[in-house]
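The values are calculated or read from the model by the stated rules, or taken from the named source; none is laboratory data. The shown structure was predicted, so the numbers you read here are calculated from the model rather than taken from an experiment. Positions of Cβ are generated from backbone atoms using ideal geometry, with glycine treated the same way; all protein chains shown enter the neighbour counts. Areas reflect the complete protein model, heavy atoms only, side chains present, ligands, DNA and RNA absent. Shrake-Rupley method; radii C 1.70, N 1.55, O 1.52, S 1.80 Å.
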Amino acid sequence: MTARHAQSSRGVVTSPHFLATAAGKAVLEAGGNAVEAALAVGSTLSVVYPHMNSLGGDGFWLLCDESGNLTGLDGAGPAGQAYTPDFYARQGLDAIPTRGPHAANTVAGLVSVWGAAHAFSRTHWNGRLDWQAVLATAHGYAEEGYTCSASQGDFLTQKWAELGGFQTLTDIYAPKGQPTPGGAVFRQLQLADSLRLLQRDGAEGFYRGELGRRVVQGLADSGSLLRADDLAAFHCRQVAPISVRYRNGLAVNMPPPTQGLASLLILGQLDHFDLARHPHLSADYVHLVVEATKQAFRLRDRHVADPDHIDVPVADLLAPATTAGLAAAIDPTRAAPWGKGVGPADTVWFGVVDAKGRAVSAIQSIYHEYGSGVVAGETGIIWQNRGASFSLDPQHVNVLKPGKRPFHTLNPAMYLENGRPRLVYGTMGGDGQPQTQAAVATRALDYRLPLPDVLDSPRWLLGRTWGQSSDSLKLEGRFAPAVFDELARRGHTVERVDDYAQMMGHAGVIRVLDDGTCEAASDPRSDGAAAGA
């Protein structure tokens, strides 16, 4: 049984796969810092959780040192120069496909984030581990194999109608037409070769070197119009995180094009309520968070897109007067109308805090399970379909344009008190990310639950999930029947789901205690683990 909770004064790690957690733990024990450990975790996840993330995806990392100095690394890959609304119109399409070569229409930004993080570690956090070393565990699992998780094959089986026709994918993940079963030893020799090149040439090689050339050729062979110039032009951005006051501290997240704004808007509204007067398993609590979510999502959908192409009034939206007005508009007795969300996303979140109290909150994704379904030739790299979140409507805030970054559900979170990291947290799950973040933050801060209970407690999801078009309010079955009845009475369309439903995300959380000791927890809904150095 892998540990779901850990505590240590020498640093902790949490991730949705126990092998990745172990990789980060080993780095901390070897004297590595939080960034170096996170690089080991993130690269290992790209191998052992291939249905959720890949070198062919995007990523966002939020870094904070022991003095509260914050840095964001934005790895949102832009649309290729060949991709325009007119291109899709000529294909007879009124929406960007979610699978296939023309879903593989954006640059993958994750590897550039890794490179920038490693450089940051060297220059700011006295990092000593070389690039080859932090990727070594990932390379080893790709080459020598690992025990396949059940979810890897299950997700491919569930989506076989969409993914079964992509031979470069099925040759690796479903040889002879059968997805690799959980418990089998699984090797990815093509990916191992790509990781070897990445170790040799650094992150630059993915965009402007031999690995990049192989990737571009593989994408072209599949029919994608991404070109060498698209990859060569990309560099991860260092950005200023955004924040909102919550209780006695500061909730922090990533700026647009991520939905970090929505996560902060929820907490900004909830700061105007005394949540602790309502039990955290009550209808009152769920109702308040859900109503705050609706208002945050409406603002998100109206404003959040690539700030290079549209002005996003972040400061105004997070201003105390705005959040107070939104909070005042919540009817505590009646559900407001609700339309449609943006849907699910397959993602990994992981967190690390080291012995000095430096923290990393990181998230990486290929959007839908197995991304576009396209593997870039013989590289073994699954390419994301994040560009499917673009609109083809010229009036839409997120309309597709060459070189534009798509709207991102990805948003890693932290909470600072007295200028130092207190909580490091996040989750996978598209629309569910801001909602689960709210559950984690409020249960940890307002209710002060033991950390395992913060993640074990039943959760909810407003909006769509895998394979469904329902936008109901979904509650795990462990909520009391009276909660379902009361929420329905208030006007919510309520749906009961499994007691520990995958759709509720794979969350993780780290809490830094007053004496500097750290504790970490991982979600029982995942294959994850928490570990202390």
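Just to be sure before I move on: is Gln158 more than 29 Å from Trp114 (Cα to Cα), open to solvent by 60 Å² or more (accessible area, probe 1.4 Å) and within 25 Å of the chain's Cα centre (by Cα) in the structure I sent?
So Gln158 fits the description; yes.
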Considering residues of region 173-194 that are assigned to a helix (DSSP H, G or I) and open to solvent by less than 30 Å² (accessible area, probe 1.4 Å) only, the residue farthest from Phe18 (Cα to Cα): Ser194
Residue check for Phe273: of a type outside the set (Val, Ile, Thr) and over 21 Å from His396 (Cβ atoms): yes
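Looking only at region 425-442, decide whether some residue is out of contact with any Ser or Thr (no Cβ under 8 Å at 6 or more places or on another chain) and either farther than 19 Å from Val352 by Cα or open to solvent by 10 Å² or more (accessible area, probe 1.4 Å) (or both).
yes
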Members of region 1-43 that are β-branched (Val, Ile, Thr), part of a helix (DSSP H, G or I) and either touching a Cys at 6+ places or on another chain (Cβ under 7 Å) or closer than 16 Å to Ala355 by Cβ (or both): Val27, Val35
Verdict on Asp456 being surrounded by fewer than 22 Cβ atoms within 10 Å (Cβ to Cβ) and more than 21 Å from the chain's Cα centre (by Cα): no
Residues of region 428-440 classified as closer than 17 Å to Leu475 by Cβ and either in a loop (DSSP other than H, G, I, E, B) or free of Cβ contacts under 8 Å to residues at least 40 places away in the same chain (or both), total: 2
Selection count where residues are among the polar types (S, T, N, Q) and modelled with pLDDT of 95 or more, scope region 169-184: 1
Every residue from region 185-200 that is closer than 20 Å to Met52 by Cβ and either in contact with a His (Cβ under 8 Å, 6 or more places away or on another chain) or modelled with pLDDT under 95 (or both): Ala192, Leu195
Residue in region 342-351 that is polar (S, T, N, Q), out of contact with any Phe, Trp or Tyr (no Cβ under 6 Å at 6 or more places or on another chain), touching a residue at least 40 places away in the same chain (Cβ under 8 Å) and open to solvent by 20 Å² or more (accessible area, probe 1.4 Å) present: no
Count - residues of region 149-163 that are of a type in the set (D, E, K, R) and either under 28 Å from Asp354 (Cβ atoms) or assigned to a loop (DSSP other than H, G, I, E, B) (or both): 1
The one condition in (1) more than 24 Å from Cys518 (Cβ to Cβ); (2) surrounded by fewer than 23 Cβ atoms within 10 Å (Cβ to Cβ); (3) not acidic (Asp, Glu) that Val47 fails to fulfil: (2)
Residue that is farthest from Phe407 (Cα to Cα), among those in region 308-321 that are touching a residue at least 24 places away in the same chain (Cβ under 8 Å) and open to solvent by 30 Å² or more (accessible area, probe 1.4 Å): Pro320
Criterion violated by Asn126 - all others in (1) touching a strand residue (DSSP E or B) at 6+ places or on another chain (Cβ under 6 Å); (2) within 20 Å of Val41 (Cα to Cα) satisfied: (1)
Only one of Ala296, Ala292, Ala283, Ala305 that is open to solvent by less than 60 Å² (accessible area, probe 1.4 Å) and over 23 Å from the mean Cα position of the chain (by Cα): Ala283
Every residue from region 23-67 that is β-branched (Val, Ile, Thr) and farther than 14 Å from His139 by Cβ: Val27, Val35, Val41
Filtered residue count, region 372-389, keeping only those that are closer than 19 Å to Phe87 by Cβ and open to solvent by 10 Å² or more (accessible area, probe 1.4 Å): 2
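Just to be sure, is Met414 under 15 Å from the mean Cα position of the chain (by Cα), crowded, with 24+ Cβ neighbours inside 10 Å, closer than 21 Å to Gly249 by Cα and among the aliphatic types (A, V, I, L, M)? Give the derivation first.
Working: under 15 Å from the mean Cα position of the chain (by Cα): yes; crowded, with 24+ Cβ neighbours inside 10 Å: yes; closer than 21 Å to Gly249 by Cα: yes; among the aliphatic types (A, V, I, L, M): yes.
Spelling it out, Met414 is indeed under 15 Å from the mean Cα position of the chain (by Cα), crowded, with 24+ Cβ neighbours inside 10 Å, closer than 21 Å to Gly249 by Cα and among the aliphatic types (A, V, I, L, M).
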Qualifying residue in region 3-11 (condition: touching a Phe, Trp or Tyr at 6+ places or on another chain (Cβ under 9 Å) and either at pLDDT 95 or above or farther than 13 Å from Gly532 by Cα (or both)): no
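Any idea which residue in region 494-514 is farthest from Pro337 (Cα to Cα), counting only those that are open to solvent by 10 Å² or more (accessible area, probe 1.4 Å) and touching a residue at least 60 places away in the same chain (Cβ under 8 Å)? Walk me through it before giving the result.
Of the residues in region 494-514, the ones open to solvent by 10 Å² or more (accessible area, probe 1.4 Å) are 494-500, 502-503, 511-514.
Now narrow it down to the ones that are touching a residue at least 60 places away in the same chain (Cβ under 8 Å): 502-503, 511-512.
Values: Gln502: 26, Met503: 22, Arg511: 36, Val512: 39 Å.
Checking each candidate, the answer is Val512.
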Enumeration of residues in region 511-533 that are over 22 Å from the mean Cα position of the chain (by Cα) and of a type in the set (Asp, Glu): Asp514, Asp515
For Ala335: the one exception among (1) open to solvent by 10 Å² or more (accessible area, probe 1.4 Å); (2) part of a helix (DSSP H, G or I): (2)
